[in-house]
């Protein structure tokens, strides 16, 4: 994401520390946001916190994760179709079409051939497709955690969002039922409010993600949160995004965790702050918001 002066721009979500508990009280995951979690070798997955049982588990093939075609498409909200005569599976989502053919390395993205590392296959009576190739070409973000074989797929559908043009030469897309506008004291600080009353404050920084980690550490350490884990999207380059996991022991002895996601895309940045607890093992998100700016 860049401004007209060419500087790298990252939209940073700031939370007023005294208001953290209030903000996390909102547990609704909005229709435009999909969060899919699964583990290679297990047929139990979650889609927006709801447990889903797959007919067959995801597995590795040539270093790539293969998942059931219909499960992935329907979990992301895509329209799925299968042509038995051509052995082609097609997923359509927000105006993007991705087609794979059983046994072929030639995938189609909006009709254009894109090479895949592994082909779609039939296994145990089910069609399996390469997860990362299909998901990312549909506009989703995929994170794979080697130590646990866990995979998360996150997708935001912005196709029906409104557009807001700010005085700082930035253009934003935001949910039609939400409100957005600059704060009174700073034109570079934008307030985004959901229908349920929570407020998201975004500000701007020309530093790269690696220079912002200390900001996140300071933000949560003030309230006693301890940094437990730093997970990089690309181990060779922290500026490609990361996840920070903070922990805190509650009065009843259990632990709560805050997850800070920073995902860098070609057209913008996804930044989200979510909370989990040991008691419920559910993730409540203080709005995982896709910033679309130019």
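Take the conditions at pLDDT below 90, closer than 25 Å to residue 48 by Cβ and in contact with a helix residue (DSSP H, G or I) (Cβ under 9 Å, 6 or more places away or on another chain) and apply them to residue 172. Does it pass? Judged against the criteria, residue 172 is not a match. Counting only strands (runs of 3 or more DSSP E) wholly contained in segment 40-158, the ones carrying 3 or more residues that are within 22 Å of the chain's Cα centre (by Cα), in contact (Cβ under 8 Å) with a residue 60 or more places away in the chain and closer than 25 Å to residue 274 by Cβ occupy 141-145, 150-156.
Of everything in segment 184-196 that is surrounded by fewer than 14 Cβ atoms within 10 Å (Cβ to Cβ) and part of a strand (DSSP E or B), the residue that is modelled with the highest pLDDT is 186.
With respect to the conditions (1) modelled with pLDDT under 75; (2) more than 16 Å from the chain's Cα centre (by Cα), residue 272 lacks only one, and its number is (2).
If a residue has to be part of a strand (DSSP E or B) and modelled with pLDDT under 90 to count, how many in segment 10-39 make the cut?
Of the residues in segment 10-39, 8 are part of a strand (DSSP E or B) and modelled with pLDDT under 90.
When residue 181 is tested against (1) touching a residue at least 12 places away in the same chain (Cβ under 8 Å); (2) in a strand (DSSP E or B); (3) buried (at least 17 other Cβ atoms within 10 Å of the Cβ), exactly one condition is not met: (3).
The values are calculated or read from the model by the stated rules, or taken from the named source; none is laboratory data. Remember, it's a predicted structure, so these values are computed and weren't measured experimentally. Neighbour counts run over all protein chains shown; Cβ positions are idealised from the backbone, glycine included.
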